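Data first, discussion second: the structure below is written as structure tokens.
The values are calculated or read from the model by the stated rules, or taken from the named source; none is laboratory data. All values reported here derive from a predicted model rather than from experimental measurement. Don't worry about glycine lacking a Cβ; one is built from the backbone with ideal geometry, like all the others, and counts go over all protein chains shown. Please note that ligands, DNA and RNA were not included when accessible areas were found on the heavy atoms of the full protein model with its side chains. Shrake-Rupley method; radii C 1.70, N 1.55, O 1.52, S 1.80 Å.
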Amino acid sequence: MSLRFHWFLPTNGDGRDIVGGGHGVAAGAAGAIRPASVKYLGQIARSAEQLGFEAALTPTGTWCEDAWLTCAMLTEVTERLKFLVAFRPGQISPTLSAQMASTFQRQSQGRLLLNVVTGGETAEQRAFGDFLSKDERYERTGEFLDIVSRLWRGETVTTSGNKHLKVEGAHLARLPDPVPDIYFGGSSQAAGPVAAKYSDVYLTWGEPPSAVSDKLRWVESLAANEGRELRLGIRLHTISRDTSQEAWRQADYLMERVTDDMIAKVQSGLATSESEGQRRMRALHGSGDRRGLRDLEVYPNLWAGVGLVRGGAGTSLVGSHEEVANLIEEYARTGITEFILSGYPHLEEAYWFGEGVLPILERRGLWRHPAPPREAPQTLNPFAPLHKAADTLAAS
């Protein structure tokens, strides 16, 4: 087994505190002190590339910068890193989306992955001019992915029986090479069939391993009915340090900077979310119950404190590098092979995880660097007397 690790680009800003946003949370509900400039995001992307992450997820919504434009710019400051671009069907036509993906693949030499986000917040969808119900949005997503996948196969597509999306004589002049993988998350009954039929990677947020396993078996059974087999992934934060005590001290530092007013404000927004996944995240911390630091440890080394002030993924791996590696290995036993991670600040936490946890997983045979750096052989001993080195060269 070879696990894949991806990082996250904080296009709503970054900081040494938990930064809020998304799923009904107002941008700025928790502080950001580093603006999401191309220069700063480029630092994160280049670091992730060097450390061995394969891709970086970029979010979508009114609370962050546009993912397509940001990632297109970042291809110019990176070499290998892929970009997992989150986007919402319904905000853009399927034919144009298929064409954009094809262009991105050619211009980036195949570095595009796509994260389909149906949208669980009616208020935000309406801000974009989308007035469908949640179940109707999943219906439309299925129609969208059907059209896009057929276009990528080189078909000329005309739809007549669709309820939401209709195209006539749609085709692409140039096909994407390779076709980008589709990443898809959703915990509701309406989400499962769409994921099973169209996604390449099914994503879940970080619940305890037994709950994750139950959800994965559900999606796998739906995919089997479609004659398909999916890869499985998980979205988590991470706080990894040389010792467990240091890691929990950092988690405590994050919580010290979270006020009760911030929690109340964020949880008020999250309470309106229609997302089943968000409901499950809130249940892990009692819908805003601050409790004690370790009381929010919902499973050994799995901490729900992030979800108090952040929408979406709300749990974090917390512990020594060895402990975090152990929990990753436990998730891998449920079938997870892809891990999308983040931490505050994203630049520094990428190094803590990349230099602390990934080498442990490599020694266990669970991971290898996708493009290990090649070092030139050292021909001279830097501590040898220079006259001896010169004599050796002269004699040769």
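State which residue pairs qualify: first residue in contact (Cβ under 8 Å) with a residue 12 or more places away in the chain and inside the stretch 273-295, second residue acidic (D, E) and surrounded by fewer than 22 Cβ atoms within 10 Å (Cβ to Cβ) in any location, beta carbons under 8 Å apart, and separation of 6 or more residues or different chains.
Here the result reads R290/D260; L293/D252, each pair linking the stretch 273-295 to a residue that is acidic (D, E) and surrounded by fewer than 22 Cβ atoms within 10 Å (Cβ to Cβ).
For the stretch 247-288, give me the residue count where each residue is in contact with a Ser or Thr (Cβ under 8 Å, 6 or more places away or on another chain), of a type in the set (D, E) and assigned to a helix (DSSP H, G or I).
The qualifying residues number 1.
Could you grab me the full set of residues in the stretch 72-130 that are assigned to a loop (DSSP other than H, G, I, E, B), farther than 28 Å from G192 by Cβ and of a type in the set (S, T, Y)?
At the first step, the residues of the stretch 72-130 found to be assigned to a loop (DSSP other than H, G, I, E, B) are 78-81, 88-93, 109-111, 117-121, 128-130.
Retained after the next criterion (residues that are farther than 28 Å from G192 by Cβ): 78-81, 109-111.
If the condition is that a residue be assigned to a loop (DSSP other than H, G, I, E, B), farther than 28 Å from G192 by Cβ and of a type in the set (S, T, Y), then T78 is the only one that fits.
Pull up the stretch 225-245, narrow it to residues that are assigned to a helix (DSSP H, G or I) and in contact (Cβ under 8 Å) with a residue 24 or more places away in the chain, then point me to the one that is most open to solvent (accessible area, probe 1.4 Å).
Here is the first cut: in the stretch 225-245, the ones assigned to a helix (DSSP H, G or I) are 225, 244-245.
Now restrict to residues that are in contact (Cβ under 8 Å) with a residue 24 or more places away in the chain: 225, 244.
Numbers: N225: 129, S244: 27 Å².
Only one residue fits best here, namely N225.
Looking only at the stretch 118-141, which residues are surrounded by 23 or more Cβ atoms within 10 Å (Cβ to Cβ) and in contact (Cβ under 8 Å) with a residue 60 or more places away in the chain?
T118, G120, E121, listed by residue number.
Give all pairs with beta carbons closer than 8 Å in which a residue from the stretch 44-65 that is modelled with pLDDT under 95 meets a residue that is of a type in the set (K, R); count only pairs at least 6 apart in sequence or on separate chains.
T60/R88
Give Y202, Y198, Y183 a once-over and let me know the one that is open to solvent by 20 Å² or more (accessible area, probe 1.4 Å) and within 21 Å of the chain's Cα centre (by Cα).
Working: Y202 fails: open to solvent by 20 Å² or more (accessible area, probe 1.4 Å); Y183 fails: open to solvent by 20 Å² or more (accessible area, probe 1.4 Å).
Among Y202, Y198, Y183, only Y198 is open to solvent by 20 Å² or more (accessible area, probe 1.4 Å) and within 21 Å of the chain's Cα centre (by Cα).
Just checking, does the stretch 206-223 include any residue being in contact with a helix residue (DSSP H, G or I) (Cβ under 6 Å, 6 or more places away or on another chain) and assigned to a loop (DSSP other than H, G, I, E, B)?
No, there is no match, as no residue in the stretch 206-223 is in contact with a helix residue (DSSP H, G or I) (Cβ under 6 Å, 6 or more places away or on another chain) and assigned to a loop (DSSP other than H, G, I, E, B).
Name the residue that is farthest from L327 (Cα to Cα), counting only residues in the stretch 267-295 that are more than 21 Å from the chain's Cα centre (by Cα) and buried (at least 16 other Cβ atoms within 10 Å of the Cβ).
Just the residues of the stretch 267-295 that are more than 21 Å from the chain's Cα centre (by Cα), to begin with: 267-269, 271-272, 283, 285-295.
This time we only want the ones that are buried (at least 16 other Cβ atoms within 10 Å of the Cβ), so: 267, 269, 285, 288, 290, 293.
Details: Q267: 28, G269: 31, H285: 20, G288: 25, R290: 24, L293: 19 Å.
By that ranking, first place goes to G269.
Taking into account only those residues within the stretch 359-386 that are out of contact with any helix residue (DSSP H, G or I) (no Cβ under 7 Å at 6 or more places or on another chain), at pLDDT 95 or above and part of a helix (DSSP H, G or I), which is surrounded by the fewest Cβ atoms within 10 Å (Cβ to Cβ)?
Going through the qualifying residues, I end up with R363.
Just the residues that are open to solvent by 20 Å² or more (accessible area, probe 1.4 Å) and either part of a helix (DSSP H, G or I) or of a type in the set (S, T, Y) (or both), please, taken from the stretch 44-64.
R46, E49, Q50, T60, T62
In the stretch 18-37, is there at least one residue being modelled with pLDDT of 95 or more, out of contact with any strand residue (DSSP E or B) (no Cβ under 9 Å at 6 or more places or on another chain) and assigned to a helix (DSSP H, G or I)?
Within the stretch 18-37, not a single residue is modelled with pLDDT of 95 or more, out of contact with any strand residue (DSSP E or B) (no Cβ under 9 Å at 6 or more places or on another chain) and assigned to a helix (DSSP H, G or I).
From the residues in the stretch 138-162 that are touching a Lys or Arg at 6+ places or on another chain (Cβ under 8 Å) and part of a loop (DSSP other than H, G, I, E, B), which one is farthest from G110 (Cα to Cα)?
S160
Looking at the stretch 326-342 only, could you name the residues that are touching an Asp or Glu at 6+ places or on another chain (Cβ under 8 Å) and either surrounded by fewer than 24 Cβ atoms within 10 Å (Cβ to Cβ) or assigned to a helix (DSSP H, G or I) (or both)?
Of everything in the stretch 326-342, just one residue is touching an Asp or Glu at 6+ places or on another chain (Cβ under 8 Å) and either surrounded by fewer than 24 Cβ atoms within 10 Å (Cβ to Cβ) or assigned to a helix (DSSP H, G or I) (or both), namely G335.
Could you list, in sequence order, the residues of the stretch 307-325 that are in a loop (DSSP other than H, G, I, E, B) and open to solvent by less than 10 Å² (accessible area, probe 1.4 Å)? Full working, then the answer.
Step one: filter the stretch 307-325 for residues in a loop (DSSP other than H, G, I, E, B), giving 309-315.
Matches in the stretch 307-325: V309, G311, G312, A313, G314, T315.
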